[in-house]
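S.K.: If you scroll down you'll find the structure; I have some questions about it.
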Amino acid sequence: MLAGMSASDARSDTPYPHLLAPLDLGFCSLPNRVLMGSMHTGLEDHARDFGKLAEYFATRARGGVGLMATGGFSPNIAGWLKPFSSRLSSRWQVAPHRRITDSVHAAGGRICLQILHAGRYAMHPLSVAPSAIKSPINPFTPRALSDHGVERSIRAFVRCAKLAQDAGYDGVEIMGSEGYLINQFLAERSNQRTDRWGGSAGNRMRFPVEIVRRTREAVGRDFIIIYRLSMLDLVDRAQAWDEIVALAKQVEAAGATLINTGIGWHEARIPTIVTSVPRAAFTWVTRRMKESLGIPLVTTNRINTPDVAEQVLARGDADMVSMARPFLADPDWVAKARNGRAALINPCIACNQACLDHVFENKRASCLMNPRACFETELVDAPVARKKRFAVVGAGPAGLACATTLAQRGHFVSLYEQSNEIGGQFNLAKRIPGKEEYAEPMRYWDNLLVELGVEVHLGTRADVASLQTQHFDAVIVATGVMPRDPHIPGQDHPMVLGYHDAIMGNKTIGKRVAIIGAGGIGFDVAEFLTQDPPSPTTDITRWTREWGVDTTLANRGGLDTPKVEASPRAVWLLQRTAGRPGKRLNKTTGWVHRAALKAKGVQMLGGVTYEKIDDDGLHVTIDGKPQILPVDNVVICTGQESNRGLANELEALGITVHAIGGADVATELDAKRAIDQATRLGSHL
Ligand code: NAP
Ligand code: SF4
């Protein structure tokens, strides 16, 4: 039985009895076991955006989530993530927060404010930390806090919590993980103090325990305090497991209501949330902690479907699950699970492309799968004066997003797809080891098309004549892309194949392979060719072994020596541009792809001139030196060009045409832009 759950709470009318069980916190009861975890959106940084933030949270509260946490707010200026970013430290800052808390409460939800002091992760020169030790991911060296400074920092946390209470929040989450200030106090790598705040493990944990104890004193009993506890630091010279358990017990005794799980410092070289991390890969850590604690524990990281969440709770790994990104993808996640409509949940594929990548680029977060996320008050459907008839040609992400948006508004939509399945390039992505999650959007769209009554014509190549005779109000051309021809002498040699054939397994591929083109698809092909099936993503034990996670928890930081399985092939990944390939991959995920391929021994080379391909292999010139790569196969991944022949033909006949996605612009083609463009078009046609 889960903590806070009585026998009468167990529901038999749902496949998710644990997930949907209420959680009694003593002074209040949460309606289910789902916490929408803290996620910085960029809207926290200016009070002028709080109206948008309020609607973002209210939308999710209406969707039934049990409890939410805001993005991080710093308790003082030193703790800013970047200059002038979100902060709650003065009374005058309280009133604007009322817009958020009032909206959430009116929608029937509950919300906690996350207090986050960046410590040495602060991107500004005023940063402070336990010791003046620079983080490897930040150019600024922090100033070491004096004893007085530590005391003032504790008081800042407490003041922030009290202000949050005054602003109407139901609680606070104290951010003690991910390598931020509190976590920095707990690890020797960042805390080399010799006073009462450092030295022994007991001294190092004094800072968080005092914060929780004094916060509880200040806010009284009936206020939620979540403490986010770093259960696996995943960096060296970090906490030992017995120290982490001792801290958790002290945090419980100091008055925390819930303990949430934190996994990995931001400077860790082990991925923790990207799509190649297996689902629920870290809930075993929370389970280990449960043996020692009485208060409810929340687990997290790569939980994105009700089935996974239910399994995690049913096997007793935790009392509650936290998910952040899945609520960007679908604000109605809980309501759909509750109402037997889980198949219609818009999935988070853990790509980070529109959420975390945006945050790191100082842009507002959104979601690749749901461009309305964080744009709830802006990307709204136009009223429909007359129901129209639309043809959408191409059922890749762009075509699907446009067809479903139009149909949701009540228009009649015919969707044409020349292949026998929907999904376009996502059908290639889902075959890449570590990208299995890309199958989920097709599950979603398949069900949504049926739900909305879109007329789907698979295996049908829409031609100009038939489109013309049906007199649609407009034709949306989402015919995607075709591979770019690199014009390399000898490219018609039998050893050469395109990325489509390589990924679909249409040809047998030898033991030595050169990949021409090191964009996103070149990297995907390299991952495909260097893994033996099944993918490690489907096997948590294999994945933790490959990345060096110590599941015995015997080693400090939870680190072990990675034991990478040898690649079945020797692979060269090549580009013409000088420098190492992969620099243009996405910010928060590119390093994982580069590290994975490096571990597999892939030779990643830049500054390559392709001379010719013949029976001897691929002839190249690198740094002015001609050489032959003696390969069995060459895979061409040299980008794409728009497939817009149909659009041109229709336009010439005077038919109203909208080209979207790759058919519009192939350069830098990506699903994020395609879905965004398609949704915006569909929302106003
Ligand atoms: P891309 O990112 O544009 O990469 C094309 C590659 O081909 C580059 O390495 C380019 O490098 C090379 N190239 C271009 N023209 C060439 C020519 N004429 N001859 C020889 N080499 C040439 O395209 P992509 O890899 O097909 O990816 C398409 C889009 O899909 C990406 O923009 C990305 O958004 C998305 N995607 C992303 C990922 C991911 O992030 N993991 C995975 C799959 C797809 P040089 O010009 O230096 O040779
Ligand atoms: Fe999930 Fe990608 Fe959307 Fe972020 S952008 S919420 S990772 S689907």
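The values are calculated or read from the model by the stated rules, or taken from the named source; none is laboratory data. Keep in mind that this is a model prediction, so the values were computed, not measured. Glycine gets a Cβ as well: all are built from the backbone with ideal geometry, and neighbour counts include every protein chain shown. Accessible surface is based on the protein model in full, side chains and every heavy atom, while ligands, DNA and RNA are left aside. Shrake-Rupley method; radii C 1.70, N 1.55, O 1.52, S 1.80 Å.
S.K.: Mind checking which residues of region 347-371 are more than 9 Å from the chain's Cα centre (by Cα), among the aliphatic types (A, V, I, L, M) and within 16 Å of ligand 1 (Cβ to nearest atom)?
M.R.: Across region 347-371, the qualifying residues are L368, M369.
S.K.: Now for a different question. Cβ-Cβ under 8 Å, sequence separation 6+ or interchain: first residue in region 363-387 and acidic (D, E), partner within 15 Å of ligand 2 (Cβ to nearest atom). Which pairs?
M.R.: Listed by first residue and then by second, the contacts come to E376/Y56; E376/T59.
S.K.: Going through region 28-49 one residue at a time, which ones are among the hydrophobic types (A, V, I, L, M, F, W, C) and open to solvent by 10 Å² or more (accessible area, probe 1.4 Å)?
M.R.: Once the filter is applied, which keeps residues that are among the hydrophobic types (A, V, I, L, M, F, W, C) and open to solvent by 10 Å² or more (accessible area, probe 1.4 Å), region 28-49 yields C28, M39, A47.
S.K.: Got a sec? Which helices (runs of 4 or more DSSP H) wholly within region 452-530 have at least 2 residues that are over 33 Å from the mean Cα position of the chain (by Cα) and among the aromatic types (F, W, Y)?
M.R.: It comes to none.
S.K.: Can you give me the number of residues within region 81-98 that are closer than 24 Å to S322 by Cα and open to solvent by 20 Å² or more (accessible area, probe 1.4 Å)?
M.R.: Residues meeting the conditions: 2.
S.K.: Here are some residues: L328, L344. Which one is more than 16 Å from ligand 1 (Cβ to nearest atom) and touching a Ser or Thr at 6+ places or on another chain (Cβ under 8 Å)?
M.R.: Among L328, L344, only L328 is more than 16 Å from ligand 1 (Cβ to nearest atom) and touching a Ser or Thr at 6+ places or on another chain (Cβ under 8 Å).
S.K.: I'd like to verify a number: residues in region 445-471 that are surrounded by 20 or more Cβ atoms within 10 Å (Cβ to Cβ) and out of contact with any helix residue (DSSP H, G or I) (no Cβ under 6 Å at 6 or more places or on another chain), how many?
M.R.: Count: 3.
S.K.: Moving to a separate point now. Check D317, D332 and return the single one that is within 22 Å of T537 (Cβ to Cβ), of a type in the set (D, E) and either within 16 Å of ligand 2 (Cβ to nearest atom) or open to solvent by less than 10 Å² (accessible area, probe 1.4 Å) (or both).
M.R.: Exactly one residue qualifies, and that residue is D317.
S.K.: Another question, then. Does region 100-109 contain any residue that is in a strand (DSSP E or B), under 20 Å from V321 (Cβ atoms), in the same structural domain as H266 (by TED's automatic domain parsing) and modelled with pLDDT of 95 or more?
M.R.: Within region 100-109, not a single residue is in a strand (DSSP E or B), under 20 Å from V321 (Cβ atoms), in the same structural domain as H266 (by TED's automatic domain parsing) and modelled with pLDDT of 95 or more.
S.K.: Please go through region 517-551 and pick out each residue that is acidic (D, E) and touching a strand residue (DSSP E or B) at 6+ places or on another chain (Cβ under 8 Å).
M.R.: Within region 517-551, just D550 meets the criteria.
S.K.: Anything in region 620-657 that is within 16 Å of ligand 1 (Cβ to nearest atom) and without any contact (Cβ under 8 Å) to a residue 24 or more places away in the chain? List them, or say none.
M.R.: T621, I622, D623
S.K.: Restricting the first residue to region 570-594 and requiring it to be within 20 Å of G607 (Cα to Cα) and among the β-branched types (V, I, T), which pairs with a second residue that is open to solvent by less than 30 Å² (accessible area, probe 1.4 Å) and in a loop (DSSP other than H, G, I, E, B) meet a Cβ separation below 6 Å and a spacing of at least six or different chains?
M.R.: Close Cβ pairs (under 6 Å, with a partner that is open to solvent by less than 30 Å² (accessible area, probe 1.4 Å) and in a loop (DSSP other than H, G, I, E, B)) amount to V571/V602; T577/G606.
S.K.: State all residues of region 619-659 that are hydroxyl-bearing (S, T, Y) and either open to solvent by less than 40 Å² (accessible area, probe 1.4 Å) or assigned to a helix (DSSP H, G or I) (or both); if no residue qualifies, say none.
M.R.: T621, T638, S642
S.K.: Identify the single condition in (1) surrounded by fewer than 22 Cβ atoms within 10 Å (Cβ to Cβ); (2) modelled with pLDDT of 95 or more; (3) under 30 Å from A502 (Cα atoms); (4) not small (G, A, S) that R680 does not satisfy, given that it satisfies every other one.
M.R.: (3)
Residue-wise test of (1) free of Cβ contacts under 8 Å to residues at least 24 places away in the same chain; (2) open to solvent by less than 20 Å² (accessible area, probe 1.4 Å); (3) of a type in the set (S, T, Y).
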| position | (1), (2), (3) |
| --- | --- |
| S535 | no, yes, yes |
| T538 | no, no, yes |
| T544 | no, yes, yes |
| A554 | no, no, no |
| P562 | no, no, no |
| S567 | no, no, yes |
| K600 | no, no, no |
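S.K.: Right, another one. Has region 355-363 got at least one residue that is more than 16 Å from ligand 2 (Cβ to nearest atom) and of a type outside the set (V, I, T)?
M.R.: Yes.
Yes/no per residue for (1) in a loop (DSSP other than H, G, I, E, B); (2) under 27 Å from D242 (Cα atoms); (3) within 29 Å of the chain's Cα centre (by Cα):
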{"site": "I137", "(1), (2), (3)": "yes, no, yes"}
{"site": "I154", "(1), (2), (3)": "no, yes, no"}
{"site": "I174", "(1), (2), (3)": "no, yes, yes"}
{"site": "I182", "(1), (2), (3)": "no, yes, yes"}
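S.K.: Does region 110-129 contain any residue that is part of a helix (DSSP H, G or I), crowded, with 19+ Cβ neighbours inside 10 Å and not charged (D, E, K, R)?
M.R.: There is at least one residue in region 110-129 that is part of a helix (DSSP H, G or I), crowded, with 19+ Cβ neighbours inside 10 Å and not charged (D, E, K, R).
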